[in-house]
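The values are calculated or read from the model by the stated rules, or taken from the named source; none is laboratory data. Quantities reported herein were computed from a predicted structural model and do not represent experimental measurements. Glycine gets a Cβ as well: all are built from the backbone with ideal geometry, and neighbour counts include every protein chain shown. Heavy atoms of the whole protein, side chains included, go into the accessibility calculation; ligands, DNA and RNA do not. Shrake-Rupley method; radii C 1.70, N 1.55, O 1.52, S 1.80 Å.
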Amino acid sequence: MNARQVQQMFLCVAEKMVASEEFLTEIDNKIGDGDHGIGMAIGFKGVYQELENKTYTYVNEVFHAIGMTMLCVMGGASGVLFGTVFISGIVNYPEKKEFVLEDFANIYVKSLNALKKRGKAQVGDKTMIDALEPACLGLKKAAEEGKSLHEGFAYAAAEAKRGMEYTKECKARFGRAKYYGEKAIGLQDAGATSVYLIFQAMSDWVNENISKEA
Amino acid sequence: MNARQVQQMFLCVAEKMVASEEFLTEIDNKIGDGDHGIGMAIGFKGVYQELENKTYTYVNEVFHAIGMTMLCVMGGASGVLFGTVFISGIVNYPEKKEFVLEDFANIYVKSLNALKKRGKAQVGDKTMIDALEPACLGLKKAAEEGKSLHEGFAYAAAEAKRGMEYTKECKARFGRAKYYGEKAIGLQDAGATSVYLIFQAMSDWVNENISKEA
Amino acid sequence: MDMKKIINRPEDVVLEMCSGIAHANPDVVWNPKYKIIRKKSLNPGKVTLISGGGSGHEPAHAGYVGKGMLDAAICGDVFASPSQVQVYQGLRETAGEKGTLLIVKNYSGDLMNFSNAAAMAKEEGISVEMVKVEDDIAVMDSLYTVGRRGVAGTVFVHKIAGAAAEKGRDLSQVCAAAQKAADNVRTIGFAYSSCTVPAAGTPTFELGDTQMEYGVGIHGEPGRSRENMQTADEMAHRMVTQLLEDLSLEKGEEVALLVNGFGATPLQELYLMNYSVNRELDKRGIPVYREFVGNYMTSIDMEGCSISLLKLDEELKELLDFPSTAPYFRVDG
Amino acid sequence: MDMKKIINRPEDVVLEMCSGIAHANPDVVWNPKYKIIRKKSLNPGKVTLISGGGSGHEPAHAGYVGKGMLDAAICGDVFASPSQVQVYQGLRETAGEKGTLLIVKNYSGDLMNFSNAAAMAKEEGISVEMVKVEDDIAVMDSLYTVGRRGVAGTVFVHKIAGAAAEKGRDLSQVCAAAQKAADNVRTIGFAYSSCTVPAAGTPTFELGDTQMEYGVGIHGEPGRSRENMQTADEMAHRMVTQLLEDLSLEKGEEVALLVNGFGATPLQELYLMNYSVNRELDKRGIPVYREFVGNYMTSIDMEGCSISLLKLDEELKELLDFPSTAPYFRVDG
Ligand SMILES: Nc1ncnc2c1ncn2[C@@H]1O[C@H](COP(=O)(O)OP(=O)(O)O)[C@@H](O)[C@H]1O
Ligand SMILES: Nc1ncnc2c1ncn2[C@@H]1O[C@H](COP(=O)(O)OP(=O)(O)O)[C@@H](O)[C@H]1O
Ligand SMILES: [Mg+2]
Ligand SMILES: [Mg+2]
Ligand SMILES: [Mg+2]
Ligand SMILES: [Mg+2]
């Protein structure tokens, strides 16, 4: 995928995230403070405006623009966390005009590690990590097995979904949800839901816009 | 009636007024600020305590004690107004060990006039005057016609009731009820209700405790 | 207990609350018998200022006791004027050499109790004057009513009178300054919910989920109309329009602004409203000389707010700017 | 609009509210791009103090900007930490010669954004230290959580740090004073109703007609237990008992007391609660050196209150008494 395609993909992701505001609010209302949907909507509205009329040469630039926008316009835990997801992976990553599955896998795994270092959460703590870790490792596995972009993104989305569902079983150790203790069991984490929605939107865009032969 | 009897009568009135708190609150809630019942209860609790263990020689002293207590412990419009009802009539009235119907008529009519001067309300303004004026004039008429205490008090109570009912037809010109304008029509005035309750309680006590021959 | 209030027993609310106020403010003394909160150190060489009225309007009036504002606040029961005996005691406790000014909101109970008390004090040789505040434009004056209600604008009257007294003016001058403030202040408010009198236990009035009472009084009295809620900007537009009209204010004339919460409306909304009102005044070319945002004259736990405008001249500006140490109306000069 | 708030559009609440704050306070400047409210005249010769966090806690933190307290408040969206870029801009705008102390409540969003910003500023040569406040005893610390929540006690930390900075101490000393305050302050609160985040439009949690949430957090997070309401005296007894125990306070040790309303609870109830708490402390022989009653760290429009106790020594007393002109925390010395 070239920079323009990645840019188009994230414009589409941004639209879908903005449209998910109410759904995410509902989830964060139950075991958080109800602002996750608003935060993500603000962040991705900003991302949409930022990407809309730009031309990028390197795919890295697209990630950089997205991450910086989120760090700027989005507050809350998710501002830093999702900003980190887009920024940390490309720090020192060689500039490329085209990304193949392996590139996506590389930068997302790097981001995952940065995020775990930053937020100190592990799988099982009922955070976005529960969805992000399987999604990133899924990308990596697919790349290693030589899967196509379509297969890789679809697999990552499926893994994110599994992780999101898994958060229902956990008690939270981070974020505002931790004060809900046992009461949070059965309810899914908002950040993990966002991670799933992002990966699903990426996969959908690839399916619809990239020919299977690519 | 001697001073002890008048004292007993007002102890009984006081008990009944304290017991009417909720009813009066309900009425003042609808077209006032909801505190008339509380105020009257505070006032008459004070009156009860004041009269309870005292011995009075002159009937005038009983009225004085009641009026001063109300002016002291009761705030609001009704503190002054009901205080005035008990105080103003006996100012300069000759001290007597026994009151006949004419004495009651004299002091209540005097109080009525003082109250109208003080509060500037007339019959038809939806205030306690609507009940007090017919009650006082009723006492006077009964005294002039040589009626018994029983008849005179019963007539005054009936007239007070008529006046209280009449307040339902009026718009208020005084007190907080005036802000309700047309909305107050159909609803009775709290102060007028208190006046009726007081006169009814006086009449009931006389009926039960004074022999018809007196 | 079926109402959600932090209390022990409804009948003890005023006594316990006033004890809590006195505890928190080392500069006042509290007389529980007559429910008087007054300055610890009175200055007998200046005109004494007393206000008061029913409780339920906190911080009014105890929060305005301090240098440059009131000398004493007389506290009635919730929404009930203090008795004339309370006011009379207050007058006696605080009388100085220059006489006393009573500042009273226009309610029949308050007027009767304060003026009876004044009459009693005068008989003892205390000079007493009284200024009546009737700033609420919601209630139209007419032949059939006895004037408008006194509401949040009263706080400006306290401030102006307090400064005049502190400057050493004599009773007639302090009275004149207070009267000038009373003549030039106008207020209008609206409620998003009813208050609940502790002793009553249930809301004074009912409002639908999207309704407001426009022009509400500070005891939950009805206003001009029951309507659907509007945005802050729409409310500001309408309220400012009506206030300016009633004050006959013209472009360029300066005002002091008071955005007053009724008790349950958070600062977040009051500051937002302040912004709307400022833009509205700005549009009409009315400069805001000084502004105050917060809970000043509440209605227990009512949601909503009022806007007061005080039309200023040089004298009023100077008196408004004069320092005040009253805990709820600090002015540094 | 189905929620009863004085607003225009939920997404404009923070911007319009902050504009209203800045309008009402002539001593601050407002940077709408980065939502920073800071002192108009900064003193480069003293340690700079910055706090902030999500909005919805008004008057925190903008109301504490003033001489003797904060130099700047960075305002996030409602209940969301400001972004690291906002904090970074705040650090740059206010940097003096003696470095900057950040005072942060213990929430992951705030910690991450403030510490990332600190790292960025340090790269530019600004000395930055950070003190974390975690005073809420409702949440038991355990291996599984990352500490307690930072709530109303934060205001005491602002006050102590502000005084230390104003006295000209250097960054490490100011940091030590702030840390001492943070180490010695404890808070517990309860809610009688939920808050409603403007953008969400519905209450964060539901409470029955006679229920309260004991130990609630300032974002409406659950506390220790959902229970039936109790009287003010019963609440005071329980809260004081738990606070004293957690502070290991002994008879004769002095405290500062903060009775903090959550936004929709009127002063009437807060003062009444203050009286209950004072009697409770009195019974146990704990002298109250200074007390503060009002809305200090709110949760939008939540009903309820919190009690904070700061255990004092001579240094903290001196710093607490140091003058502050912050509009919502005036201290005359
Ligand atoms: N330390 C952490 N590490 C990873 N994810 C976290 C951490 N803390 C919070 N989160 C994620 O952030 C989400 C909450 O985001 P949001 O509601 O925007 O922030 P806030 O908690 O400030 O309201 C949670 O659902 C969780 O997935
Ligand atoms: N000017 C007046 N003259 C006569 N009665 C009055 C006047 N003003 C008020 N009242 C009476 O007082 C009653 C209200 O008393 P209360 O509720 O105790 O006082 P408040 O109005 O201070 O709450 C009214 O119902 C009315 O009958
Ligand atoms: Mg959240
Ligand atoms: Mg009444
Ligand atoms: Mg009343
Ligand atoms: Mg949040």
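Give, as residue ranges, the helices (runs of 4 or more DSSP H) completely inside the range D:228-333 that count at least 1 residues that are basic (Lys, Arg) and free of Cβ contacts under 8 Å to residues at least 40 places away in the same chain.
Numbers: elements: D:232-247, D:267-283, D:314-321.
Ranges flagged: D:232-247, D:267-283.
Among the residues of the range C:96-109 satisfying the criterion of being of a type outside the set (Lys, Arg) and at pLDDT 95 or above, which is most open to solvent (accessible area, probe 1.4 Å)?
Pass one, the range C:96-109, residues of a type outside the set (Lys, Arg): C:96-97, C:99-104, C:106-109.
Next cut, at pLDDT 95 or above only: C:96-97, C:99-104.
Values: C:Gly96: 30, C:Glu97: 148, C:Gly99: 5, C:Thr100: 0, C:Leu101: 0, C:Leu102: 0, C:Ile103: 0, C:Val104: 0 Å².
Checking each candidate, the answer is C:Glu97.
Which residue is farthest from the other protein chains (Cβ to nearest Cβ), if the candidates are limited to the range C:49-69 and must be of a type in the set (A, V, I, L, M) and within 17 Å of C:Val131 (Cβ to Cβ)? Walk me through it before giving the result.
Step one: filter the range C:49-69 for residues of a type in the set (A, V, I, L, M), giving C:49-50, C:60, C:62, C:65, C:69.
Those still in the list that are within 17 Å of C:Val131 (Cβ to Cβ) too: C:49-50, C:60, C:69.
Numbers: C:Leu49: 20, C:Ile50: 15, C:Ala60: 10, C:Met69: 15 Å.
Here the residue is C:Leu49.
Evaluate the following for A:Gly32: is it within 16 Å of ligand 3 (Cβ to nearest atom), under 28 Å from D:Gly53 (Cβ atoms) and at the interface with chain D (Cβ under 8 Å from one of its Cβ atoms)? Break it down into steps so the answer makes sense when it comes.
Details: within 16 Å of ligand 3 (Cβ to nearest atom): yes; under 28 Å from D:Gly53 (Cβ atoms): yes; at the interface with chain D (Cβ under 8 Å from one of its Cβ atoms): no.
For A:Gly32, the condition - within 16 Å of ligand 3 (Cβ to nearest atom), under 28 Å from D:Gly53 (Cβ atoms) and at the interface with chain D (Cβ under 8 Å from one of its Cβ atoms) - is not met.
Here is a check on your reading of the model: is B:Leu132 open to solvent by less than 10 Å² (accessible area, probe 1.4 Å) and out of contact with any Phe, Trp or Tyr (no Cβ under 9 Å at 6 or more places or on another chain)?
Details: open to solvent by less than 10 Å² (accessible area, probe 1.4 Å): yes; out of contact with any Phe, Trp or Tyr (no Cβ under 9 Å at 6 or more places or on another chain): no.
Judged against the criteria, B:Leu132 is not a match.
Taking the conditions exactly as written (over 17 Å from B:Ile87 (Cα atoms) and at pLDDT below 95), does B:Gly37 satisfy them or not? Explain how you work it out, then say what you get.
Details: over 17 Å from B:Ile87 (Cα atoms): yes; at pLDDT below 95: yes.
It is true that B:Gly37 is over 17 Å from B:Ile87 (Cα atoms) and at pLDDT below 95.
Condition test on A:Met70, is it more than 16 Å from ligand 4 (Cβ to nearest atom), touching a helix residue (DSSP H, G or I) at 6+ places or on another chain (Cβ under 8 Å) and more than 9 Å from every other protein chain (Cβ to nearest Cβ)? Even if it seems obvious, please write down each step before you answer.
Details: more than 16 Å from ligand 4 (Cβ to nearest atom): yes; touching a helix residue (DSSP H, G or I) at 6+ places or on another chain (Cβ under 8 Å): yes; more than 9 Å from every other protein chain (Cβ to nearest Cβ): no.
For A:Met70, the condition - more than 16 Å from ligand 4 (Cβ to nearest atom), touching a helix residue (DSSP H, G or I) at 6+ places or on another chain (Cβ under 8 Å) and more than 9 Å from every other protein chain (Cβ to nearest Cβ) - is not met.
Could you check the range B:101-125 and list, in sequence order, the residues that are charged (D, E, K, R) and either within 14 Å of another protein chain (Cβ to nearest Cβ) or without any contact (Cβ under 8 Å) to a residue 12 or more places away in the chain (or both)? Full working, then the answer.
To start, the set of residues in the range B:101-125 that are charged (D, E, K, R) comprises B:102-103, B:110, B:116-118, B:120, B:125.
The answer is B:Lys116, B:Lys117, B:Arg118, B:Lys120, B:Asp125.
In the range C:192-236, which residues are open to solvent by 30 Å² or more (accessible area, probe 1.4 Å), among the aliphatic types (A, V, I, L, M) and facing chain B (nearest Cβ under 9 Å)?
Within the range C:192-236, just C:Ala199 meets the criteria.
Looking at this structure, is A:Leu115 of a type in the set (A, V, I, L, M) and open to solvent by 20 Å² or more (accessible area, probe 1.4 Å)?
Taking the combined requirement at face value, the residue does not satisfy it.
Quickly run through the range A:5-34 and pick out the residues that are polar (S, T, N, Q), modelled with pLDDT of 95 or more and open to solvent by less than 40 Å² (accessible area, probe 1.4 Å).
Let us first name the residues in the range A:5-34 that are polar (S, T, N, Q), namely A:5, A:7-8, A:20, A:25, A:29.
Imposing the further condition that a residue be modelled with pLDDT of 95 or more reduces the set to A:5, A:7-8, A:20.
Correct list: A:Gln7, A:Ser20.
Among C:Ala138, C:Ala95, C:Ala117, which is the only one that is out of contact with any Gly (no Cβ under 7 Å at 6 or more places or on another chain) and within 11 Å of another protein chain (Cβ to nearest Cβ)? Full working, then the answer.
Values: C:Ala138 fails: out of contact with any Gly (no Cβ under 7 Å at 6 or more places or on another chain); C:Ala95 fails: within 11 Å of another protein chain (Cβ to nearest Cβ).
Going through C:Ala138, C:Ala95, C:Ala117 in turn, the sole match is C:Ala117.
So for the range B:49-62 (the condition being farther than 28 Å from C:His57 by Cβ and buried (at least 24 other Cβ atoms within 10 Å of the Cβ)), does at least one residue qualify? Before the answer, list the steps.
Keep residues of the range B:49-62 that are farther than 28 Å from C:His57 by Cβ, which gives B:49-62.
Narrowing the set further to residues that are buried (at least 24 other Cβ atoms within 10 Å of the Cβ) leaves B:59, B:62.
Scanning the range B:49-62, I find at least one residue that is farther than 28 Å from C:His57 by Cβ and buried (at least 24 other Cβ atoms within 10 Å of the Cβ), so the answer is yes.
Looking at (1) in contact with a strand residue (DSSP E or B) (Cβ under 9 Å, 6 or more places away or on another chain); (2) within 11 Å of chain D (Cβ to nearest Cβ), can you tell me which one C:Ser276 breaks?
(1)
Taking only pairs six or more apart or across chains, which ones have beta-carbon atoms under 8 Å, a first residue in the range A:31-57 that is on the phi > 0 side of the Ramachandran plot, and a second residue that is within 9 Å of ligand 1 (Cβ to nearest atom)?
These pairs meet every condition: A:Gly34/A:Asp28; A:Gly34/D:Phe79.
Is it the case that some residue within the range C:70-83 is surrounded by 23 or more Cβ atoms within 10 Å (Cβ to Cβ), under 16 Å from the mean Cα position of the chain (by Cα), at the interface with chain D (Cβ under 10 Å from one of its Cβ atoms) and on the phi > 0 side of the Ramachandran plot?
No, the range C:70-83 contains no residue that is surrounded by 23 or more Cβ atoms within 10 Å (Cβ to Cβ), under 16 Å from the mean Cα position of the chain (by Cα), at the interface with chain D (Cβ under 10 Å from one of its Cβ atoms) and on the phi > 0 side of the Ramachandran plot.
Just to be sure I understand, how many residues within the range C:208-227 are part of a strand (DSSP E or B) and among the small types (Gly, Ala, Ser)? Walk me through how you get there before you give the answer.
Step one: of the range C:208-227, the residues part of a strand (DSSP E or B) are C:211-214, C:225-227.
Subset that is among the small types (Gly, Ala, Ser): C:225.
Total meeting the criteria: 1.
Which pairs do you get when a residue that is within 9 Å of another protein chain (Cβ to nearest Cβ) and open to solvent by less than 40 Å² (accessible area, probe 1.4 Å), found in the range D:4-32, comes within reach of a residue that is among the aliphatic types (A, V, I, L, M) and assigned to a loop (DSSP other than H, G, I, E, B), reach meaning Cβ atoms under 6 angstrom, with the pair 6+ apart or on two chains?
Filtered contacts from the range D:4-32: D:Val13/D:Ile7.
Kindly indicate whether any position in the range D:35-42 is surrounded by fewer than 24 Cβ atoms within 10 Å (Cβ to Cβ), away from chain C (no Cβ under 14 Å) and among the aliphatic types (A, V, I, L, M).
Among the residues of the range D:35-42, at least one is surrounded by fewer than 24 Cβ atoms within 10 Å (Cβ to Cβ), away from chain C (no Cβ under 14 Å) and among the aliphatic types (A, V, I, L, M), which makes the answer yes.
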